[in-house]
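What follows is a single structure, written as structure tokens, with notes after it.
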Amino acid sequence: MKNSQIQPATQEKQQQPPQIKVSPQTHQTKTKTLDKITQDYEAIIGIETHVQLSTLTKAFCGCPYNYGSQPNTSICPICMGLPGALPVLNSKVIEFAVKLGLALNCKLSLNSKFDRKQYFYPDLPKGYQISQFDIPIATSGYLDLDLPVEFGGGHRRFGITRVHMEEDAGKLLHSGDGDYSQENTIPLTLGSLLMAACLLCFGNLLQVDLNRAGVPLLEIVSEPDMRNGIEAAEYASEVQRVVRYLGVSNGNMQEGSLRCDVNVSIRPIGQSEFGTKVEIKNLNSFSSINRAIDFEIERQALLHSQGQGDQIVQETRLWEEGSQKTVTMRKKEGLSDYRYFPEPDLPEVILTEEFVDSIHRSLPELPEVKRRRYEKMGLSMQDVLFLANDINVSQFFDATIAMGADVKLATNWIMGDIAAYMKNEKLSISEIKLAPEELAELIASIKSGTISGKIGKEILFELLAKGGMVKGLIKEKDLVQIVDPSEIEKMVDKVLLENPKQLEQYRGGKTKLQGYFAGQIMKISKGKANPGLLNKILLEKLNAKS
Amino acid sequence: MVSTLHHHPPRSLSRFFSSSSTTIKSRSFHSKPILCSDQSPSSTSSPQSQILSIRHSLLSRHVTATQLAESYLTRLKLTEPHLKSFLHVSEHVLKQAESLDHRIDRNENIGLLAGVLVGVKDNICTMDMPSTAGSRVLENYRPPFDATAVKRFKELGGIVVGKTNMDEFGMGSTTEASAFQVTANPWDLSRVPGGSSGGSAAAVSARQCVVSLGSDTGGSVRQPASFCGVVGLKPTYGRVSRYGLMAYASSLDVIGCFGSSVADAGILLSAISGHDRLDATSSKREVPDFTSQFISTELLGSKPLKGLRVGLIRETLDNGVDNGIKSAVLGAVSHLEELGCTLSEVSLPSFPLGLPAYYILASSESSSNLSRYDGVRYGNQATADELNALYGDSRAKGFGPEVKMRILMGTYGLSAGYYDAYYKRAQQVRTLIQKNFKTALDENDILISPAAPSAAYKIGEKKNDPLAMYAGDIMTVNVNLAGLPALVLPCGFVEGGAAGLPVGLQMIGAAFDEEKLLKVGHIFEQTLQGCRFIPPLIADCDAQ
């Protein structure tokens, strides 16, 4: 559980293979007794994930949403909640919800509806959030995943309780926040009607940015099926993979497009009733999910073991990255009453079987199916996870082997030199100039002996950086391997003739000099001589006259 | 225009209407739209469509749009200090009329509502013009957009004359719950005009404008129409876009029309009806040409409504309805029979349940809809050093007592543990009411009832008795719960005031069958004898 690294679980914005980093030092200071204590308890973990949908416009109005825009530049009467404005549902939201519901193996509600969830907060312009309460669009699904090999591997299936549609809230900006200087808090573009998007409270100027208000979200609630930080982090990472495969969200955690709140409770092993549940927020990466949960499990186990189990209270805790701790954010005094009731401004959401079927047919191959397919192709789990991690990588791989390339060779090229190049250049696979069909051609050219593996590598880097065709490059640079024995023989003769002293030494027993001769011959062939043939002829000649 | 209007020294009505009054002597009231009619009608002749006569007058170059606008504005200026039907009067009316005259001069096409002055209830958004819903919480608020209904009538040439007074957010039946002023009934200035669209009803009744828009959540167009002796039309839910109508109870709210004739209310409805992509609850049904119903009386046979099945709702003539109202409605029944209708009594057993169900549902929805008035983005923000105090203080200062009471009731009704007993149960009652109406309307073409259990009452009379005021909504709330269209039009008078008080008849139709209501209403109105349609004081003044 406390290993140093989880290998690529997903990819962040830069499309670099992401890593769940767990510093080995983090937990080493903890005593062995603590490990022993935690062994006596079982953790119950459930996750609520908010996925921000990448629709062109918001859920209920025509405003676009772009992360990082100047505050209040993407707002209109509807998402500002001005009097008289009404929501009209963006049909893409339904489409995306159905896609995700199907991908998570859920049962879809053909008749669902929207409800209002009511509470006051300055980032919530209408005083209620349009959400789904008692009839979510999708329920009772599951998500399959494979744990990384470094963590012992293994297949897991985690239950999905529900998926529902809702709208995002705005953001509060504190005047002291560095990111939001005076300069970019101005443009409350609707001018006079916005008498104040500012509040004076707590002695600080608090400002509201409504750009994000009304952006569509899908909330995914898992069953409490996870038992440790790694499982939870891998669940979140698989959710990210699925939404990216589906193209419904960029799944970027740093920008808040994928937000996870986890619920953790523990109970002595063997006990059937659940312990008191604690919610953890502010988890901005998979590794923080992992570490926050493991921290929380230990905290709760320690309290239990010291007879202070009653100090575990139902509350929301915040993960502090700096101190690597969870701290109390707010205690929950009973359940908040959100006074849900059906949203009267929106008609019921009715799905037809035909619509659902058409979405079903349009679904891409999902990560789990892909992994099983790759596995059947004979790839190792390490390779499978790497290739299926990123939809673009897997599509590149699929396209390469579709051109007839050898599966294992294609895997090696992609995971080896291509991945290294991408990492060094900070490029994603869709940004490199190499086309899958050229990789296939390259592999075929080496396999057929047209070029040597060494030349192949050189061509690869040229293709990665500049693009072009393998055949063209071979021709243009005259890189075709020399496979004509008589041509190679000439070169061998020439080298032997020019190095009589070394030849004598060789024949005198210094056979290590074979490498020297081979190098010289390769040099005059400009690297094009077929190495096998070269060595064969060289040996014959070296040994013939002895 | 507004400022001068409001800075006039108060005048007594007698002085105001006296011919010796120097301020109005020079003003010829003959140039008001009645001049447009072919014959100058007496106050008891059948009302004619002002919209059609304006159109005729403009196209025949009898009168200019500017002259028309001036005549209305003059009357508005003189009557307003007594009526207080407007919260804001537009400064652009004459400019818009002039520009219309230029278009007419250039023989350009003009819309059906060209030159028609329209009063707009203050909870309907008008771009860059104050729109407060009668509430302090929105004092000085100017929306950045026009409500769809406003946009549509403007496109047909209608001119916004101003914003009419109302009970705060539509919550009230007298217009006394306005945060700004109390509107008087043009038939008797000591009485209320009804509500919540009291300003819109009074303005049409006093001919301060040609037609007006109101909103009807539980009767807020129909009851003031009855009190002020004008025609009030509540369309089917979904017929008119609610975009730009400040929500009170979203599942019940509709924008409705006031006119001094059935034809005018119908023409205005034609202008504003139809699907709107900005309102997901607006219907995609095609809008029929309502104006085709308004045939001339000369073309009518002796029994023009022969075979029409009319059901009188028994429960609406129960105890609690004034005798004068009952006899006026029974007079209307005789009149309908004379026109050839087959009358029968129908029972809607769920009818009495409508009132409690309405107040639960409307309050619940309003508690949610009014959450946005939190002082954060517009309106008056209280100074507070803590967030909850900021909300509490802004809302405490911004809302009046009636609104606060309904928010509290609604919050209670939606609270965990009470939801099933209140909101959910009220929804079940609503379903029952819809079924009852469906059955009754399968057997009848239209249903009729009084529009209100009494005629206009005195200002202040029910101010401290909210339950009595709520009880007055019994005739109308069921129609909103069922989402049906209903037309209220004058059918008689009861004693009261100097010249009697108008009584309205309510006709209820099947969903989206406004056409039938308008046809029946038009024939009823055109054949009604001895009913005055213009408040005598206004008529007197016009006759001078």
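Quick note: the coordinates plus some simple rules give every number you see, no bench work behind them. Predicted, not measured: the structure shown is a model, and the values here were computed from it. Using ideal geometry, Cβ is built from the backbone for each residue, glycine included, and neighbour counts are taken over all protein chains shown.
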- So, with points 7 Å from each Cα along the Cβ direction, the B:Asp322-A:Gln254 label distance in nm works out to 7.4
- Output field shielding_mean for B:406-415 (other chain Cβ, 10 Å radius) holds 2
- Quantify how strongly other chains surround peptide B:127-140 by giving the mean number of their Cβ atoms within 10 Å of each of its Cβ atoms. 1
- Query: Got a sec? Charge dipole of the protein assembly as shown, +1 on Cβ for Lys and Arg, -1 for Asp and Glu; which of A:Gln514, B:Val211, B:Phe524 is way out at the positive end?
  - Reply: A:Gln514
- At a Cα cut-off below 20 Å, give the lysines reachable from A:Lys523, other chains included and same-chain residues fewer than 8 away excluded. A:Lys454, A:Lys457, A:Lys475, A:Lys477, A:Lys490, A:Lys494, A:Lys501, A:Lys512, A:Lys536, A:Lys541
- Cβ-placed point charges (K, R +1; D, E -1), dipole of the protein assembly as shown about Cα centre in debye, nearest 20: 1720
- Message: Please list, in order, the residues from the stretch A:126-147 whose amide nitrogen is less than 16 Å from a point placed 7 Å along the Cα→Cβ vector of A:Leu363.
- Response: A:137-145
- Query: In straight Cα distance, which lysines are under 23 Å from B:Lys234, not counting same-chain residues fewer than 8 positions off?
  - Reply: B:Lys121, B:Lys151, B:Lys154, B:Lys163, B:Lys284, B:Lys326, B:Lys435, B:Lys438, B:Lys516, B:Lys519
- Item | Under 5 Å, built H, 5+ apart or other chain: amide partners of A:Val349 | A:Ser112, A:Lys113, A:Phe114
- Message: As I understand it, the value is the acute angle between the Cα axis of helix A:286-305 and the longest principal axis of the Cα atoms of chain A; what does it come to in degrees, rounded to 10?
- Response: 60
- Note on the structure: Note on chain A: contact order normalised by length, alpha-carbon pairs under 8 Å, 6 or more apart, percent, works out to 16
- Query: What is the ratio of the Cα radius of gyration of the protein assembly as shown to 2.2 N^0.38 Å, where N is its residue count, to two decimals?
  - Reply: 1.26
- Task: Can you find, among B:Gly417, B:Gly134, B:Ser99, the residue farthest towards the positive end of the dipole of the protein assembly as shown? Put +1 on the C-beta of Lys and Arg, -1 on that of Asp and Glu.
- Result: B:Ser99
- Note down the relative contact order for the stretch A:420-503 as a percent, whole number, built from C-alpha pairs under 8 angstrom at least six residues apart. 27
- Query: Any idea what angle helix A:91-103 forms with the longest principal axis of chain A, computed on alpha-carbon atoms, 0 to 90 degrees, nearest 10?
  - Reply: 60
- Note on the structure: Dividing the helical contributions, -39500 (n - 2.57) per DSSP H run of n ≥ 4, by the residues of chain B yields a 222 nm value, nearest 500 deg cm²/dmol, of -11500 deg cm²/dmol
- Item | Added length on full extension, which subtracts the Cα-Cα distance from 0.36 nm per residue, A:Lys423 to A:Gln306 | 37.4 nm
- Query: Taking the Cα centre of the stretch B:170-244 as origin and charging only Cβ (+1 Lys, Arg; -1 Asp, Glu), how large is the dipole, in debye to the nearest 20?
  - Reply: 240
- In Hz, Karplus ³J(HN,Hα) per residue of the stretch B:410-423 (6.51, -1.76, 1.60; θ = phi - 60°; x = Gly, Pro): x, 4, 4, x, 9, 6, 4, x, 10, 3, 5, 6, 10, 4
- Note on the structure: Restricted to the protein assembly as shown, the DSSP antiparallel beta bridge percent, nearest 5, is 80
- Report, in whole Å, the centroid distance computed from the Cα atoms of the stretch A:211-236 and the stretch B:316-375. 51
- Task: Shielding by partners for A:341-351, please: the mean number of other protein chain Cβ atoms within 10 Å of each residue's Cβ.
- Result: 4
- Arrange the peptides A:436-442, B:202-208 so that the one whose residues have, on average, the most other Cβ atoms within 10 Å appears first. B:202-208, A:436-442
- Gain in span if fully extended, A:Ser380 to A:Gln505, counting 0.36 nm per residue against the direct Cα distance: 40.2 nm
- Rg in Å to one decimal, and Dmax rounded to a whole Å, for chain A via C-alpha atoms: 30.5, 103
- Roughly speaking, what is the centre-to-centre gap between the stretch A:320-374 and the stretch B:411-453 when only Cα atoms are used, to the nearest Å? 35
- Item | Lys/Arg +1, Asp/Glu -1 at C-beta; chain A dipole; positive extreme among A:Pro268, A:Ala410, A:Phe341 | A:Ala410
- Any chance you could run the full-extension gain for A:Asn284 through A:Asp478? It's 0.36 nm times the residue separation minus the Cα-Cα distance, nm to one decimal. 64.7 nm
- Report the dimensions of chain B along its three principal axes from the alpha-carbon atoms, largest first, rounded to Å. 67, 61, 45
- Estimated vicinal HN-Hα couplings, Hz - the stretch A:492-505 in sequence order (Karplus 6.51, -1.76, 1.60; Gly, Pro = x): 4, 4, 4, 5, 5, 5, 7, 10, x, 4, 5, 5, 5, 4
- Task: Could you work out how far helix A:229-246 tilts from the main Cα principal axis of chain A, as a 0 to 90 degree angle to the nearest 10?
- Result: 80
- Note on the structure: Per the stretch B:276-431, sqrt(5λ) over the Cα gyration tensor eigenvalues, sorted largest first, in Å, gives 45, 23, 17
- Quick one: how many lysine pairs does the stretch A:84-159 have with C-alpha atoms less than 21 Å apart and a gap of 8 or more or different chains? Give me the count, please. 6
- How high is the FRET efficiency from B:Lys306 to B:Ala471, r the C-beta distance, R0 30 Å, rounded to 0.05? 0.20
